[in-house]
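The values are calculated or read from the model by the stated rules, or taken from the named source; none is laboratory data. Owing to the predicted nature of the structure, the values given are computational and were not obtained by experimental measurement. Here Cβ is always computed from backbone atoms with ideal geometry, including for glycine, and neighbour counts include all displayed protein chains. The area values use the complete protein model at the heavy-atom level, side chains included, leaving out ligands, DNA and RNA. Shrake-Rupley method; radii C 1.70, N 1.55, O 1.52, S 1.80 Å.
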Amino acid sequence: MIALCLSLRLLILWIISLCAALLSPVCCAKSSLASEVPDHMTDKRHHWEDYMGGLLPLGEKARVQLTDSDNALLEQELYRHMYLILSQGYGALVYQDSEYPDFWPQFSTMYNYAISNVDDTYYMTPIKPEGVYEVRGYRGSAHSVDFQIGSEHFFYTGLGKLGPPLENFDLDQDIEIGADGSFKFILSQSRPQGYEENWLPLGQKATHLLVRQVFYDWENEVTGRYSIQRLDIPAVKPRQSRQRISAQLQRISESTTNWINFVLGHTRDLRERGVINRMSVRDFSQ
């Protein structure tokens with residue numbers, strides 16, 4: 001009788017294990033992670049040389065695009081610029097997470113590339129249009145602060161195409177700020193039921209949120225502080241899978257290549273139009 005009970009228990013445990021093994025792939029296939037990692041990036045274990053290989057040819061391809069490709073100083077400045085964009089790729093493609101967002105410095109006196117304004121500092125974070133986000137912070141004393149909701153992916157990842165901004169919100173005009181300079185607002189598709197405080201609408205094509213601070217008096221003005229949290233998912237961030245980390249790291253070389261080509265092309269366009277030591281207006285709104 002005891003032997004029979006033990007056999008039944010072992011049989012039940014075996015059936016439970018078999019069901020778990022059969023069901024687990026189905027659960028994984030339904031997760032958001034599976035849809036974010038392309039199939040061709042999940043079947044191989046990648047090593048350091050796999051990530052760096054795409055960057056090796058970029059140096060020469062970029063050098064020959066210089067106005068004077070034989071200028072040794074210009075060449076080194078180009079390579080310095082490539083390191084700058086490469087380091088920025090970590091924030092955009094590895095650190096960032098639209099489900100667990102956090103602002104990171106996109107353009108500044110350190111990350112001075114592309115089309116940044118020398119009087120501004122910029123913070124960026126990815127967002128998803130279906131998400132509900134709470135943004136908190138302190139205004140500081142910058143001349144102006146605005147929040148821009150952007151579309152497409154190039155502006156914050158260097159991948160895909162450059163999309164138009166969807167909305168711009170002036171912190172002083174669109175958000176009620178406390179006497180101590182603090183503020184808080186919800187960003188979502190629709191206003192949460194029963195929520196009467198600061199709320200900003202989130203467009204259906206939103207991919208990122210940009211904070212732009214404009215300074216007029218760099219010696220005395222105080223930079224603001226900003227934080228963001230997604231409210232409609234669990235707060236605890238899970239450990240990322242090998243496949244997702246690998247997919248993120250592989251995209252850095254593509255992002256660096258795209259940004260370098262964009263910057264060199266933009267500079268070449270300015271020179272061809274004679275925009276040297278003079279002002280020119282270029283409309284990026286579309």
Which one of the conditions (1) touching a Ser or Thr at 6+ places or on another chain (Cβ under 8 Å); (2) farther than 24 Å from Gln229 by Cα does Ala142 fail to meet, given that it meets all the rest?
(2)
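Search the range 263-284 for residues being charged (D, E, K, R) and under 16 Å from Ala114 (Cα atoms), and hand back the single one that is surrounded by the fewest Cβ atoms within 10 Å (Cβ to Cβ). Steps first, answer last, please.
In the first step, residues of the range 263-284 are kept if they are charged (D, E, K, R); the result is 268-269, 271-273, 278, 282-283.
Right, trim to under 16 Å from Ala114 (Cα atoms) and you get 268-269, 271, 282-283.
Numbers: Arg268: 13, Asp269: 11, Arg271: 11, Arg282: 10, Asp283: 5.
Among them, the one singled out is Asp283.
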Qualifying position, being surrounded by 11 or more Cβ atoms within 10 Å (Cβ to Cβ) and in a strand (DSSP E or B), among Ile228, Ile260, Ile233:
Ile228
Condition first: basic (Lys, Arg), over 20 Å from the mean Cα position of the chain (by Cα) and within 30 Å of Gly59 (Cα to Cα). Can you find one or more residues in the range 269-277 that meet it?
yes
Given the conditions (1) out of contact with any Gly (no Cβ under 8 Å at 6 or more places or on another chain); (2) open to solvent by 30 Å² or more (accessible area, probe 1.4 Å), every one holds for Thr125 apart from (2)
Please work out if Gln243 is part of a helix (DSSP H, G or I), surrounded by 15 or more Cβ atoms within 10 Å (Cβ to Cβ) and within 15 Å of the chain's Cα centre (by Cα).
no
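Between Leu187, Leu166, Leu202, which is open to solvent by 20 Å² or more (accessible area, probe 1.4 Å) and among the hydrophobic types (A, V, I, L, M, F, W, C)?
Values: Leu187 fails: open to solvent by 20 Å² or more (accessible area, probe 1.4 Å); Leu202 fails: open to solvent by 20 Å² or more (accessible area, probe 1.4 Å).
One residue alone meets the criteria, Leu166.
Taking into account only those residues within the range 175-184 that are of a type in the set (D, E, K, R) and open to solvent by 70 Å² or more (accessible area, probe 1.4 Å), which is farthest from Gln96 (Cα to Cα)? Quick ask: steps written out before the conclusion?
Start the filter on the range 175-184 by keeping residues that are of a type in the set (D, E, K, R), which leaves 176, 180, 184.
With the extra rule that they be open to solvent by 70 Å² or more (accessible area, probe 1.4 Å), the set shrinks to 176, 180.
Details: Glu176: 28, Asp180: 30 Å.
Step by step, filter the range 175-184, then rank; the result is Asp180.
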Is there any pair linking a residue in the range 54-79 that is in a loop (DSSP other than H, G, I, E, B) to one that is exposed (fewer than 13 other Cβ atoms within 10 Å of the Cβ), with Cβ under 8 Å and at least six apart or on different chains, and which?
Thr67/Arg271
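Rundown of residues vs (1) modelled with pLDDT of 80 or more; (2) open to solvent by 70 Å² or more (accessible area, probe 1.4 Å), yes/no style:
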| residue | (1), (2) |
| --- | --- |
| Val37 | no, no |
| Asp43 | no, yes |
| Leu56 | yes, yes |
| Gln65 | yes, no |
| Asn71 | yes, no |
| Glu77 | yes, yes |
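Taking the stated definitions as given, is Gly150 in contact with a Pro (Cβ under 9 Å, 6 or more places away or on another chain), touching a residue at least 60 places away in the same chain (Cβ under 8 Å), under 17 Å from Val211 (Cα atoms) and crowded, with 18+ Cβ neighbours inside 10 Å? It would help to see each step written out before you state the result.
Details: in contact with a Pro (Cβ under 9 Å, 6 or more places away or on another chain): yes; touching a residue at least 60 places away in the same chain (Cβ under 8 Å): yes; under 17 Å from Val211 (Cα atoms): yes; crowded, with 18+ Cβ neighbours inside 10 Å: yes.
In short, yes.
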